[in-house]
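For reference, the structure is listed below as structure tokens.
No lab work stands behind these numbers, since they all come straight from the coordinates. Note that the structure is a prediction, hence the values are computed from the model and not measured. All Cβ positions, glycine included, derive from the backbone under ideal geometry; neighbour counts span all protein chains shown.
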Amino acid sequence: MSEKAEEGALRPPKAIVFDWDNTLVDTWPNIIHTMNLTLTAMGQAAWTPAEARKRIARSLRDSFPELFGDRWEEARGIFYAELERSHLAMLTPLPGADAALAGFAGTGMPMAVVSNKTGDYLRKEIAHLGWGARFAAVFGAGDLSRDKPAPDAVFAFLDRVGLAPGKDIWFVGDSPVDVEAAHAAGCCAVFVRGGEKPAFPPERAPHATIGDCRELANLVRHMDGPAWKH
């Protein structure tokens, strides 16, 4: 069970929004490889895996101008050339992800992916895994006028499926940016801890924390259990 499910902090969801990278799929090896190739090509020092995990969260269009200044478009070209070459070959679903998605899909619940990965690459990866039919909407970076942590994509998804924001809409993600987006949308932030849990201010903390997708799949199987009673 999640850390807060037993406290009654979670409501059974009417819809779920998922982050993509390192929430449903393990893309850290490819992201770190591609980012470090870009950094070194641009004359900067490569990042350690720990540093990369802390620094990579926002979309490229938001982060690269800060990293590379006037040369950010050159860096973008290097990054995308390598990503195009390697991203499908290195794509791996995380343990429990397929079971969790299948379980929620079996309830008829609408699901979406909202990612800061560029939309074209995101949709290619979802199609590569055969998961396209499971999602009512897929939004990547650049698909709308603002990327996460702005709530625009969450609102667009909910409008598409005829639901209103609320704590019965889950946003499941592994980054503080995902938690921030959930709060901005007025939804329930379910944080996938993975490793060390960041420090969140109390008013912007996740509503629940899970270790990985296997715990999420377990929540599906126990949605009628006592942890869900209010």
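For Cα pairs less than 8 Å apart in space and 6+ apart in sequence, what is the mean separation divided by the residue count of segment 28-86, i.e. the relative contact order in percent? Mind showing how you got there, number by number?
On the way: 32 pairs, mean separation 24.7, N = 59.
Relative CO of segment 28-86 lands at 42 percent.
So what is the calculated 222 nm ellipticity per residue for the chain, using -39500 (n - 2.57) for each DSSP H run with n of 4 or more, over all residues, to the nearest 500 deg cm²/dmol?
Working: 9 runs with 94 residues, N = 230.
-12000 deg cm²/dmol, from helical runs alone.
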Expected max-MSF residue from H183, H128, H33 in the GNM of the chain (alpha carbon, under 10 Å) is H128
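Calculate the FRET efficiency for F200 and S63 from the Cβ-Cβ distance with a Förster distance of 25 Å, rounded to the nearest 0.05. Please list the in-between numbers first.
Details: r = 21 Å, r/R0 = 0.83.
Calculated value: 0.75.
Would you mind ranking E74, E215, E203, E125 by Cβ crowding within 10 Å, fewest neighbours first?
Working: E74 14, E215 20, E203 6, E125 23.
Fewest to most other Cβ atoms nearby, the residues stand as E203, E74, E215, E125.
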Segment 40-69 and segment 104-122 have their Cα centres apart by a whole-number Å value of 25
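Charges at C-beta only: +1 for Lys and Arg, -1 for Asp and Glu. How large is the resulting dipole of the chain about its Cα centre, in Debye rounded to 20? The partial results should precede the final answer.
Working: 25 positive and 30 negative charges, 66 e Å.
Once rounded to the nearest 20, the dipole reads 320 debye.
I'd like the FRET efficiency for K14 and W47, computed as 1/(1 + (r/R0)^6) with the beta carbon distance as r and R0 of 41 Å, rounded to 0.05. Walk me through the numbers before you get to the answer.
Details: r = 39 Å, r/R0 = 0.95.
The formula returns an efficiency of 0.55 here.
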Computed from every Cα-Cα pair in the chain, P(r) in 10 Å bins starting at 0 and rounded to whole percents is 8, 34, 37, 17, 4, 0
The number of Lys pairs in the chain whose alpha carbons lie under 28 Å apart, excluding pairs fewer than 8 residues apart on one chain, is 26
Where a ≥ b ≥ c are root eigenvalues of the Cα gyration tensor, a/c under 1.5 meaning rounded, otherwise prolate if a/b exceeds b/c and oblate otherwise, segment 28-86 counts as rounded
